[in-house]
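> Handing you this structure, nothing more for now.
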Amino acid sequence: MGIGEVRKVRMLEPDKVQRTDNGKEEKPAGEFVTVELHLGDCLEVMKGIPDKSVDAVITDPPYGIGMDNSNKRTKPSRPNSYTQYPDFRYPKSDWDKLPISKSVFDAIFRISNDQVIFGANYYSSFLPSGFGWIFWDKINGDNNCFSDGEFAFASKGIQSRRFVCSAFDDLRGGKDRQHPTQKPTKLMRWVLENYTHEGDTILDPFMGSGTTGVACVQTGRNFIGIEIDEGYFKIAEKRIRDAQQQMRLPI
């Protein structure tokens, strides 16, 4: 796949409907939710997105602190990860070797109306003042090996809010983690439900393993994802498709 190539996936075909017990047709929740995935450099892809056309950018950009396994090669911790995602390996890469540039933030603010940006404390000089912050409390207790939580910039409102959720929530203690900085879906659902509206279009220019996209499918938001690493792109595409399939199942 070439850089910048687009893969579009509709959540459900328009002719597929659910029926109630009395035979009445009902449109499934999220029928008109769309997913658009780009493999490529986010700065290049965002050049083609019109000003203020995205309701919100929700993302977790690289911090430039070496979370990319650039000095080693690792394997997914789940035993059957290679079976479920046969083309994927945690690659030796350098995506977190350097912090991202101000031009990326300029593009994010140009195309979106609101923003939630994790790790924004690393980029405070690029962000406007007078807005709110989210503190994600990871429930690490007295474990001094890890931080107590993470900060996210939130452009909607001036209040600072706290969300409590283990970093390994819905990841089976880390065994289902497919990316070194993967966020719990529960966290991203909370962000979407508190900072966006159903039917909004959400962009994640650093899609990684696709958690924001999964949460968008689950909460009825349209999703645009951009990822430069083909291995992680494949992971994201698979996880989002799985989420779409799950939404089709009868309750």
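The values are calculated or read from the model by the stated rules, or taken from the named source; none is laboratory data. All values reported here derive from a predicted model rather than from experimental measurement. Glycine gets a Cβ as well: all are built from the backbone with ideal geometry, and neighbour counts include every protein chain shown. Heads up: the accessible areas ignore ligands, DNA and RNA and are worked out on the full protein's heavy atoms, side chains in. Shrake-Rupley method; radii C 1.70, N 1.55, O 1.52, S 1.80 Å.
> With all protein chains present and a 1.4 Å probe, how do H38, H197 order by accessible area, largest first?
Of H38, H197, the descending order of accessible area is H197, H38.
> Another one. Can you sort D204, D51 by 1.4 Å-probe accessible area, starting with the largest?
D51, D204
> Taking the mean number of other Cβ atoms within 10 Å as a proxy for protection, how do you rank 131-137, 162-168, 190-196 from highest to lowest?
On the way: 131-137: 17.4, 162-168: 15.6, 190-196: 19.9.
Packing order, densest peptide first, comes out as 190-196, 131-137, 162-168.
> Accessible area of K47, 1.4 Å probe, to the nearest 10 Å²?
Accessible surface of K47 is approximately 140 Å².
> Would you check the accessible area of R248, probe 1.4 Å, heavy atoms only, in square angstrom rounded to 10?
70
> Continuing with the same structure: For D242, what accessible surface area do you get with a 1.4 Å probe? Give it in Å², rounded to 10.
60
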